[in-house]
1. Listed residues A:Leu43, A:Leu25, A:Leu63; which is open to solvent by 10 Å² or more (accessible area, probe 1.4 Å) and more than 14 Å from chain B (Cβ to nearest Cβ)?
2. Would you check if A:Arg264 is within 19 Å of the chain's Cα centre (by Cα), of a type in the set (D, E, K, R), assigned by TED's automatic domain parsing to the domain that holds A:Gly220 and surrounded by fewer than 24 Cβ atoms within 10 Å (Cβ to Cβ)?
3. Output yes when any residue across the stretch B:154-176 is more than 9 Å from chain A (Cβ to nearest Cβ), in a helix (DSSP H, G or I), touching a residue at least 60 places away in the same chain (Cβ under 8 Å) and open to solvent by less than 10 Å² (accessible area, probe 1.4 Å), and no when none is.
4. Among residues belonging to the stretch A:294-308 that are part of a strand (DSSP E or B) and open to solvent by less than 50 Å² (accessible area, probe 1.4 Å), point out the one that is farthest from the other protein chains (Cβ to nearest Cβ).
5. Here are some conditions: (1) open to solvent by 10 Å² or more (accessible area, probe 1.4 Å); (2) of a type outside the set (D, E, K, R); (3) part of a helix (DSSP H, G or I). B:Gln114 meets all but one. Which one does it not meet?
6. Could you check the stretch B:12-56 and list, in sequence order, the residues that are touching a residue at least 40 places away in the same chain (Cβ under 8 Å), closer than 18 Å to A:Pro20 by Cβ and open to solvent by 10 Å² or more (accessible area, probe 1.4 Å)?
7. Could you check the stretch A:169-196 and list, in sequence order, the residues that are without any contact (Cβ under 8 Å) to a residue 12 or more places away in the chain and within 17 Å of A:Met316 (Cβ to Cβ)?
8. If I ask for residues that are out of contact with any helix residue (DSSP H, G or I) (no Cβ under 6 Å at 6 or more places or on another chain), more than 21 Å from A:Gln15 (Cβ to Cβ) and within 14 Å of another protein chain (Cβ to nearest Cβ), which ones from the stretch A:133-183 would you list?
Amino acid sequence: MALKVLKPGLLTTVQDLGRPGYFHLGIPMGGAMDRMALRAANLLVGNDEGAAALEAVFVGPELEFTADGTIAVTGGEIPVKIDGEEQPCWTALAVKAGQKLSFGFLTSGARIYIAISGGIDTPPHLGSRSTYAIGALGGVEGRAVAAGDELPVGTSEKAVAPGTSVPEEMRRKPGTPTELRVLPGLYWHRITDAAQNGFFEDEWKVAPEADRMGYRFKGGRPLEFIDREQPFGAGSDPSNIVDSCYPYGSIQVPGGTEPIVLHRDAVSGGGYFMIGTVISADMDLIGQLQPHMPVRFVPVDMDGALAARAERRTAMDRIRKELAGE
Amino acid sequence: MKTRYSFGGDEHIFVEVDEEMSLDAFFKSLSITNAVRDSAIEGVTEICPANASFQIKYDPDVIAPDALLEKLKSLESAAENAEKRIGTRIVEIPVYYNDPWTHETLMRFRDRHQDPDGTDLDYAARINGFETAEDFIVAHHSNPWFVSMVGFVSGLPFLYQLVERERQLQVPKYLRPRTDTPKLTVGYGGCFSCIYSVRGAGGYQMFGITPMPIYDPTQEVNYLKDFMVFFKPGDIVKWNPIDREEYDRICAEVEAGTFTPRMAEVEFDLESFNADIDGTNRKLMEALYGA
């Protein structure tokens, strides 16, 4: 079984749950931007939750199947077409050899996940099939898929009845504005009280520079720094620090103007100060934000972050139970 | 030095050993991260040392954030007394300074630079009080450097020059980061040199390029067959200035699989270094090139 790529879409990559363990060498964990969507897509086709699938940004690819199987498309809401006939997303769909998969226009979200029974079986690299294009790791020769590629597909272990779906209320969609919860910290003390308040008061918009490495935001007021003599080795700009590690989800603000939230393909460190970190529960949501969408950052404390994390776990468990027919 | 702990969301603890760069801060950070690794704390998933700080990634479903924080603090006091000595290697890295490729790139991004009418090398020379770029280049490669961090992108080393503070070179980063940097550019920002392991965005000033790959995901380069990343924290580097002819020769050797970087096993002891910097560096050079 293989998936033939007829048209690649805008940027379609093989992703699983990533390759932890190499961040100290500058190789990020990577993997699906929207983890819950990837897990759900895999469950819908009978795969392990962490099997490799395709992640497509904004525009769906066109694919042809070389054997019968089951597919599911999750993440953003998008019309799914099999041989031109429209099918629902977030649903197990039977496909036959020779059939073609294509897509309409995305109606919400930014990324879709296309899982196929058996999982995409490109060679793993450092324990993962996730494509990390900057380091040319994983995926198809370390790059996004291209027209003419034939993606190998593994053997399916478990069948799911076609038509099985994740109910609408269990899917997570970005709101308007989307609220991203932030635990302030790291170099938060470097900006004035007014700047701290302003960061949370202002409405921000996703900038066009938004990708797997990080999402940039525009539109809020510039941050004002507390005066200091720059520490030796940091560099002269008040937003410079002695190059340090960057947490996933951390918010750096070069020059104090446009916040950048690092995502799954994060750079592992650098010399810009950070004002806090988007909590783990809201990382998936960032992957579904399109440029120009309004966003507000909302402060939480550690208890709030852990409660949100538990809530996400419960939501995922509900999907697992639903699809297990419990 | 005052250690500062901060949570990076619910999955990271960020620890700043010192605000400013020093080898003392690096060694303290290294000692604590080694102690964390040796303690094999359940729930810790990534241990990332940096120049004067470090970061621990953990699973809060396995270990409570506050419990891990307390554990790290207890390891910090134990690490204070750790020996500041490592067994490591010194490696010669050939550098073609003022090469045509970084020159082309830096001209393309002049509007993002402090000195739109000059070059990165001329600017760095001037603000560090050198008459000419050539003098600055000599100051860049005369003494060995210490890899104090690996990161940013795949296997990129940050290097700190093994000289006292008064002799350190400092330059700011670009006003706005470039969207392009040639692969294997030797860069500079703050007090750090770096080698861009892959092509991509970057904010460091650009001084030259090395013909020696330091990251190879295909692991075809003969000295990267065991692991795709060349550098690790604690490595010592000697820049060796080369011209175009030698650059081309080394590129061909790398391609043919016959290039082997010159290197030697050495010990580095921070106390001996601080007591006699020039003497320590002389010994490092002797280890690399023979007495």
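The values are calculated or read from the model by the stated rules, or taken from the named source; none is laboratory data. Worth saying up front: this structure is predicted, and the values here are computed from it rather than measured. Ideal geometry is used to build each Cβ from the backbone, glycine not excepted, and the neighbour counts take in all protein chains shown. Only protein heavy atoms, including side chains, enter the accessible area calculation; ligands, DNA and RNA are left aside. Shrake-Rupley method; radii C 1.70, N 1.55, O 1.52, S 1.80 Å.
1. A:Leu43
2. Judged against the criteria, A:Arg264 is not a match.
3. No, every residue in the stretch B:154-176 fails to be more than 9 Å from chain A (Cβ to nearest Cβ), in a helix (DSSP H, G or I), touching a residue at least 60 places away in the same chain (Cβ under 8 Å) and open to solvent by less than 10 Å² (accessible area, probe 1.4 Å).
4. A:Pro294
5. Status for B:Gln114: all satisfied but (3).
6. B:Pro49
7. Once the filter is applied, which keeps residues that are without any contact (Cβ under 8 Å) to a residue 12 or more places away in the chain and within 17 Å of A:Met316 (Cβ to Cβ), the stretch A:169-196 yields only A:Glu169.
8. If the condition is that a residue be out of contact with any helix residue (DSSP H, G or I) (no Cβ under 6 Å at 6 or more places or on another chain), more than 21 Å from A:Gln15 (Cβ to Cβ) and within 14 Å of another protein chain (Cβ to nearest Cβ), then A:Val182 is the only one that fits.
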